[in-house]
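The values are calculated or read from the model by the stated rules, or taken from the named source; none is laboratory data. As the structure is a computational prediction, the values presented were derived from the model and not from experiment. Every residue, glycine as well, gets a Cβ built from its backbone with ideal geometry; the counts of neighbours run over all protein chains shown. Ligands, DNA and RNA are stripped out before the accessible areas are found, and what is left, the full protein with its side chains, is counted by its heavy atoms. Shrake-Rupley method; radii C 1.70, N 1.55, O 1.52, S 1.80 Å.
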Amino acid sequence: MILMRRIATLAFFTVSAALIAAQAPPAPALPQAEAKERIEKVTSCVTGPVVVKDDPHACQTLAERMAALHVPGVSIAVLHNGVLEWAQGFGARQIGGSTVNAETLFQAGSISKPVAAMAALHLVGEGKLSLDEDVNAKFTSWKVPPSSAAPGATVTLRELLTHTAGFTVHGFPGYAAGAAVPTVVQVLNGEKPANTDPIRLENVPGKEWRYSGGGYTVMQQLVLDVAKEPFPKLMHDSVLAPIGMTRSTYEQPLPERLRANAATPYTDSGSPIPGGAHTYPEMAAAGLWTTPSDLTRYMIEVQQSLLGKANHVLSRELTQQMLTAGKGNWGLGLQIGGSATNPYFSHGGVNEGFESMFVAYANNGEGAAVMTNAAGGSRLAEEVMGSIATVYGWPDFRPVVRTAVKVDRNVLARYVGTYELAPTFSIAFTLEGDQLMTQATNQPKFPVYAESDTKFFLTVVDAEVEFFLDDKGKVSYMMLHQNGHDSKGVRK
């Protein structure tokens with residue numbers, strides 16, 4: 001994450017294909033030559049989310065960006081007018097080995113959540129669960145423990161799915177090859193061999209939005225207790241098979257039969273993750289293996305279900321609820337954005353050595369998924385999504401063009417220092433030659449460009465930094481403007 005961009009979204013910074021083939025989306029509608037032309041446009045000019053006006057070096061090829069960010073492999077699928085227009089792999093599934101193709105499997109990370117949410121909502125549609133009853137009424141193997149932070153509180157499925165239940169544990173690191181893997185109940189209780197804290201209420205349910213993989217693990221145990229079958233089977237039977245996700249599974253670890261075309265995960269420096277992909281018993285939160293093409297099948301199902309045209313999993317009414325934005329602009333498993341007349345739904349995903357994202361518009365059949373096999377791949381995925389948005393004329397995600405001006409080095413020098421935005425988060429500014437640089441806590445160093453003597457912008461993320469001076473011309477404080485929020489930083 002960069003600054004405040006990633007989840008928050010950094011702050012500055014056994015399946016038979018023959019049984020379900022009929023549910024696959026229609027074949028690409030465009031002539032092959034036209035599709036190839038669009039692929040070339042998407043991959044020939046990849047930029048950051050912000051472009052400096054008249055910068056001759058703003059565009060780089062996808063291959064150049066992959067090399068710069070140490071991302072071995074990328075897989076992309078694009079929806080246009082309600083059909084899968086193209087899907088293609090780029091780079092290496094494993095460095096020195098085979099290449100990525102459209103069928104290569106990646107861990108989806110938190111993209112697991114919206115797909116799993118669909119299964120929980122399917123149980124609601126069957127009358128086996130309710131969105132607004134106390135989940136403890138349905139648990140048989142575990143209960144939400146009492147909490148001093150929320151005395152007497154009850155938790156609902158709606159709150160779990162919208163990240164408003166108030167549970168601890170943001171995300172999960174998974175379990176490396178050879179490590180003991182806990183049960184879901186052991187994860188919930190933080191009992192060995194679990195490697196995360198107990199999942200407990202830390203806030204009054206419904207009070208505020210706070211992203212929680214822990215809450216989705218509570219949801220996983222809830223549906224396990226109600227459905228009384230293994231989670232991968234539940235997901236296959238209720239969601240994956242009905243909508244044609246033939247190359248997807250929640251099985252953890254990935255079965256041997258599916259490993260031949262699975263991507264190898266890498267660190268942000270290009271080294272393979274020791275032992276390969278981690279195992280995630282927190283399947284609802286992080287356990288999905290899939291492809292971008294299969295994610296487009298999920299998008300199409302949501303789009304068509306919303307229109308009442310293809311309700312293989314959910315009714316139109318439940319789909320509408322899923323896409324209704326609440327606190328934090330989240331629906332039931334999905335982040336909601338865009339305009340009131342042209343909203344989109346999206347989610348990102350980060351597992352150890354895998355980073356991805358998807359975006360789809362609710363009303364017009366547009367969308368895309370980008371999956372990578374490297375830490376730091378989210379940055380590349382966002383850049384590719386910006387290129388797709390530009391080529392296909394989306395109203396969102398296209399790079400912002402800003403104009404940079406020349407500022408005297410003596411003016412830049414007065415901003416050098418460290419500014420504290422929170423007890424554990426600061427932003428430092430340094431001057432390297434005539435270039436002002438910035439580095440947030442636990443993040444890389446990036447250049448910032450002047451819009452005026454006091455206002456600056458980054459190109460790696462759509463964020464602005466503004467310095468405020470006292471009556472003596474000394475820096476009083478700085479303000480970070482990002483994602484519609486203003487965060488004040490006081491000089492240390």
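Split the accessible area of segment 36-172 by element, probe 1.4 Å, and carbon with sulfur accounts for 51%. Identify the residues of segment 448-482 with backbone N under 18 Å of a label point that sits 7 angstrom from the Cα of residue 329 along the Cα-to-Cβ direction, or state none. Under 18 Å, as judged by backbone N against the label point of residue 329, lie 461-464, 480-482 of segment 448-482.
Converting phi to 3J(HN,Hα) with the Karplus coefficients 6.51, -1.76 and 1.60 and the offset θ = phi - 60°, segment 136-144 yields 4, 5, 10, 5, 10, 10, 6, 9, 5 Hz in sequence order, with x at every glycine or proline. Taking amide H atoms as placed 1.01 Å from N in the peptide plane, the amide H of residue 469 lies under 5 Å from those of 476, each 5 or more residues away in sequence or on another chain.
If packing is taken as the average count of other Cβ atoms within 10 Å, what order do 331-338, 279-286, 163-170, 313-320 fall into, highest mean first? Walk me through the numbers before you get to the answer.
Working: 331-338: 21.2, 279-286: 25.9, 163-170: 23.4, 313-320: 18.1.
Put in order of decreasing packing, that is 279-286, 163-170, 331-338, 313-320.
Descending by average beta-carbon neighbour count within 10 Å, the peptides 373-383, 178-188 line up as 373-383, 178-188, the highest first. Surface composition of segment 239-302: carbon plus sulfur atoms hold 55% of the accessible area, using a 1.4 angstrom probe and ignoring ligands, DNA and RNA. Placing a label point 7 Å from the Cα of residue 68 along the Cα-to-Cβ line, the residues of segment 354-378 whose backbone N sits under 20 Å from it are 355-357, 370-378. Subtracting the Cα-Cα distance of residue 435 and residue 185 from their residue separation scaled by 0.36 nm leaves 84.8 nm.
Between 342, 436, 299, the Cα set farthest toward the positive side of the dipole of the chain (charges on each charged residue's Cβ, about the Cα centre) is that of 436.
Judged by the ratio a/c of the largest to the smallest principal axis of the C-alpha gyration tensor, segment 352-476 counts as prolate, that ratio being 1.5 or greater while a/b is larger than b/c.
With a ≥ b ≥ c taken as the square roots of the eigenvalues of the C-alpha gyration tensor of segment 35-188, please select rounded if a/c is under 1.5 and otherwise prolate if a/b is larger than b/c or oblate if it is not?
Values: a/c = 2.28, a/b = 2.07, b/c = 1.10.
Since a/c reaches 1.5 and a/b is larger than b/c, the shape of segment 35-188 is classed as prolate.
Here the 3J(HN,Hα) profile of segment 414-419, calculated from phi with Karplus coefficients 6.51, -1.76 and 1.60 at θ = phi - 60°, is 6, 8, 4, x, 10, 10 Hz, Gly and Pro shown as x.
Across segment 196-281, C-alpha contacts under 8 Å between residues 6 or more apart give a mean separation that, scaled by the residue count, equals a relative contact order of 16 percent. Checking the Cα-Cα distances for 36/113; 41/488; 53/445 against a 29 Å cut-off, the pairs over it are 36/113; 41/488. Considering only alpha-carbon pairs that sit under 8 angstrom and 6 or more positions apart, the relative contact order computed for segment 259-344 is 10 percent. Distance between the 7 Å Cα→Cβ label points at residue 491 and residue 55: 2.7 nm.
Compared with the direct C-alpha span, the chain from residue 41 to residue 442 gains 140.9 nm at full extension, assuming 0.36 nm per residue. Average accessible surface for the chain: 40 Å² per residue, computed with a 1.4 Å probe over protein heavy atoms with every protein chain in place. Note on segment 374-492: with neighbouring protein chains present and a 1.4 Å probe, carbon and sulfur make up 48 percent of its accessible heavy-atom surface. 3J(HN,Hα) couplings calculated from phi for segment 150-158 with the Karplus curve 6.51 cos²θ - 1.76 cosθ + 1.60 (θ = phi - 60°) are, in sequence order, 8, x, x, 6, 10, 10, 10, 4, 4 Hz; Gly and Pro show x. Mind giving me the nanometre distance, one decimal, between the label points for residue 405 and residue 418, set 7 Å out from Cα along Cα→Cβ? Result for the modelled spin labels: 3.2 nm.
From the Cα gyration tensor of segment 356-414, with a ≥ b ≥ c the square roots of its eigenvalues, which class applies: rounded if a/c is under 1.5, or else prolate if a/b is larger than b/c, or else oblate? Walk me through the intermediate numbers first.
Values: a/c = 4.17, a/b = 1.87, b/c = 2.23.
Oblate is the answer for segment 356-414, as a/c is 1.5 or above yet b/c matches or exceeds a/b.
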